[in-house]
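The values are calculated or read from the model by the stated rules, or taken from the named source; none is laboratory data. What you see is a predicted model, and the numbers here were worked out from it, not measured in a lab. Cβ placement follows ideal geometry from the backbone for every residue including glycine, while neighbour counts extend to all protein chains displayed. For the accessible areas, the whole protein counts, side chains as well, though only heavy atoms, and no ligand, DNA or RNA atoms are used. Shrake-Rupley method; radii C 1.70, N 1.55, O 1.52, S 1.80 Å.
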Amino acid sequence: MNHNSPKNSVQHNKLIKLAIHNGLEGFLVKRLLWIINSHDSLISFPRICQNISNILVLMNPLDKTSPAIQTLNNLAPVLEWVHQDRLNLTQAIGPDFDRQPSGPKDHPVMGQGSKRHPLYTTLWNTHEDKSVGDEYRTLQGHLLIAHVGELLRKNNQADYENFSGQTEWKGFDNSPYPASLAVRLLSEASYAPVVQQLKVAVSPKKFAQSLNILPTVHSRDLLDTLNNLRRFLQKHHGIEEWVLRNRPTAGNSTSGGSPRVTGYVEISPQLIKRDISFADSSDPFENFGATAIINEIDLDHPEQQERLDADLAPDEVDQHELLLIDFNTDQTGTVSANSGAQQRHIAMANQLFPWAYQQLTLSELSGFLAKAVERFTQVVSTKKGKIFSDSEQEIVEIVCLIRVMIFTGSDFERARKTVICLNGQPNQNVDVVYLFDQGKPGRWQLRAMKPDYKTQNVMANSLLDRPRTDFFEFPDITFTDLMLAYLVSHTLDKINPLDAKPTQFQLVRESKNFRQNFLNFLKQIDPSGRVTEHKLSMFLFHRLLEVSHGDVCATSIICGYPHPLARVRMFYSVNSVNELEKLYREAIGDLASQLLKVTQRTNKITPPPVVQNHFSVGSRFCPTYDAVKNSVSQLRRSLTENRNRQIENGFHNQYVLWVLWHFNFSTACRAIVDPYIPVGELDPVTGVGLLADKDDGTGYKARLICIPPFVRTLMASFESYLELVINEYHSVRYSSHLPFFLRLGFRGKISAEPVQPRTVGPVMEPFLPYPTNFHRRFMRTTLLDRGCPGEVVDAWMGHWHAGEEPWGPYSTFSFREYRNQLETFLVPIMQDLGLDGSLP
């Protein structure tokens, strides 16, 4: 039988015209034909429509919210019209339109395109055993919901209407034919007991989950058939992953699979939910709805530990992300809606534009603060030597709290728990501390953010690692101490002279109405509603982003805000306390000056000098610059000493490490199997190549790399050397273009061992006892310390989310400019370290 595209199908076109003639919408008919992959000749179409109507009666109580069931219910008038007017339609369209079976076992669609239209064929069936008729129709309903849901997600109606191929239409990531065949097979009377074992009278997702335990059967073929149904349903509901058809392979990729595709998500210990703060729920013009990103934890504990041992972030596995909109924590299952508009909001928010409307300008904020200070002054000016009333003290606390939020980047809860420490004594039990010392400039003590992975520290007797701290201090250059002095004085005056004076106290007293009174205060000072809690807490965050040229990690560390963009990057971030203080001073300095002008104060800002601090904050496992430089020197010296010895004595493996360090330091290649690209795959003039060291086969995370000429020269010489090794040692079988280690085996036999984290570690340990992925954290830190723009470093590391992609359709990222900028910083660093491409 020759098939036509639906667009050119005589039967389809007649049905659409007749529907319009009878007062129905033509687009509804087209949608019905698409979502069930209708036969181009519409064989036995009225019976299929009748069966769908019967299925909906049973499915509606089980599924009330999915887009699939809503779409099908919207098509109910079309289904009813086809069934009731079948005689007239058959006369107008042709006898096949309502073809009847010639006998008990006859199926009109079989042999006429059942593989091309698998669901359509299955929807014709009813169960031979009437006692399980409803159970079987419900089973068909679960298949129908998954089929329709996937097509709605892919939104490929035009593809269907133009498809004229004679084989199956590939409108799905995986074919629905095996699952449709399974349901069709179960319509036979002999399988009625199997249908009865299926728990079909539950929601579609719960039914898919129930198939983890398949019915008891005595046929391996039948079990495989049921497994096909389970896989299709579970893939739709996000329980199992899709495997993309004809997925392109990417060189050096360590992972497979494909992006998670799902219709529902149920929050569980296997999922991480992170709210996205691009919306401001307090501002009616910027309330885009509650939005979150969901990541699946698809690594078991040993796999997570293996990644940590190699110094790879567990989060950096191909991230299967879902976008949740208007998420309600009271629901156990929430529709995951891929809203185009919401995605665009997220893409724009991820670009971290400094001019976004949701941010307050310096003049807006300074004006607001001036009014708040005026209200503060009204309270304290009349209370000299007197105790504040509760309402007056609350106003003082609110104004001080606002300053804490602005000048530390804290949200309401973090700021509310601020502790004021007297006599400048630190406190490391809270996130924000104000070190108050009468007569001296105050200081902020902040807890630094760090990755939440539990990894062992470098051995205590090692002098290689950068010293770390979990707290850092910044000077208060905004005269917050002048306001806190009133609160300190008031608190101390209330204490009985016979009692011991406290050394610290919390900024805000416990009060159940404090938050509401705080919000009311904001409205009193700014009736326009422009100043909100969210904008106050995020002001410093955006200022820091601006002065740091987009370094979201440094910004998150200072503000204590776990920005979603910083989660993976934080794993590779080690920030000097001194550098963070310089950023903070630059971000706050303009506001402090503006505030003095608005309040007409005569105070001059004379911040204390930066005190040298050799500590760093952030991640662990980052050697000092001198430690890496010494390790490179040791490796070079060892290569020279072993140059004329037999290669199995260590020279070969060290030579591999020498080349890998050159390649990794110039490309930021992750610790994967075969972390290398042969010279022949690079552009001979520019050294540009494609690296896919973290990808799922779609190319989303693949990035262009540019290897400096001196490294390419070393790589070419190294590959020639590999050919000599393979020719000399016949027991060594490996590609002559990829590096490999040599291992001395039984009876002195030499064999090749692939380069991977497990095999690199022992070779590297004598020179630098760090995880094999150390170069990514070290080089990211060093590049940023030398002034390399954060955008360049992120592109080099392969760190981006939606809206940040260098290759995005609206991206202004210039690869030529990126390459020139990167080489300006990267090449001098490598050559200074001793990675200069010299041959051993």
- Query: region 4-26 to region 371-429: how many Å between their Cα centroids?
  - Reply: 72
- Task: Measure off, as a whole percent, the carbon and sulfur share of the 1.4 Å-probe accessible area of region 47-100, all protein chains present.
- Result: 51
- Message: Can you give me the solvent accessible area of MET449 with a 1.4 Å probe, rounded to the nearest 10 Å²?
- Response: 40
- Query: Rounded to the nearest whole Å³, what is the per residue volume of the convex hull around the Cα atoms of region 17-155?
  - Reply: 112
- Could you let me know the centre-to-centre spacing of region 458-514 and region 803-840, using Cα atoms, in angstrom? 43
- Task: May I have the pair-distance distribution P(r) for region 784-840, computed from all Cα-Cα distances with 5 Å bins from 0 and rounded to whole percent?
- Result: 4, 17, 24, 21, 15, 9, 7, 3, 1, 0
- Sorted by mean Cβ packing within 10 Å, highest first, what order do the peptides 633-639, 115-121, 506-512, 36-42 take? 36-42, 115-121, 633-639, 506-512
- Just round it to a whole percent: the fraction of Cα-Cα distances in region 536-590 exceeding 16 Å. 34
- Message: Going by amide H atoms built from the backbone, whose H comes under 5 Å of the H on ILE750, apart from near neighbours?
- Response: GLY745
- Using the Karplus curve 6.51 cos²θ - 1.76 cosθ + 1.60 with θ = phi - 60°, work out ³J(HN,Hα) for each residue of region 555-560 in order, rounded to whole Hz, and write x for Gly and Pro. 5, 5, 4, 5, 7, x
- Calculated diffusion of region 512-566, Stokes-Einstein form, Kirkwood radius summed over Cα pairs, 20 °C and 1.002 mPa s, µm²/s: 169
- Note on the structure: A correct Karplus calculation of ³J(HN,Hα) over region 542-553, with 6.51 cos²θ - 1.76 cosθ + 1.60, θ = phi - 60°, whole Hz and x for Gly and Pro, returns 6, 5, 5, 4, 5, 6, 8, 6, x, 7, 5, 6
- How do 425-434, 796-805, 550-559 rank on mean C-beta neighbours within 10 Å, highest first? 550-559, 796-805, 425-434
- Please list the non-local residues whose amide H lies under 5 Å from the amide H of GLN504, H modeled 1.01 Å from N, same-chain partners needing a gap of 5 or more. LEU422
- Task: List the equivalent ellipsoid semi-axes of region 92-225 in whole Å, largest first, each obtained as the square root of 5λ for an eigenvalue λ of the Cα gyration tensor.
- Result: 26, 21, 14
- Message: Using a probe radius of 1.4 Å on heavy atoms only, what accessible surface per residue do you get for region 33-141? Whole Å² is fine.
- Response: 39
- Task: Give the peptides 526-533, 617-624, 200-207 in descending order of average Cβ contacts within 10 Å, highest first.
- Result: 617-624, 200-207, 526-533
- Message: Given contacts defined as C-alpha pairs under 8 Å and at least six residues apart, what's the relative contact order of region 11-80, whole-number percent?
- Response: 37
- Using θ = phi - 60° and the Karplus form 6.51 cos²θ - 1.76 cosθ + 1.60, what ³J(HN,Hα) does each residue of region 516-524 get, whole Hz, x for Gly and Pro? 5, 5, 4, 5, 5, 4, 4, 5, 5
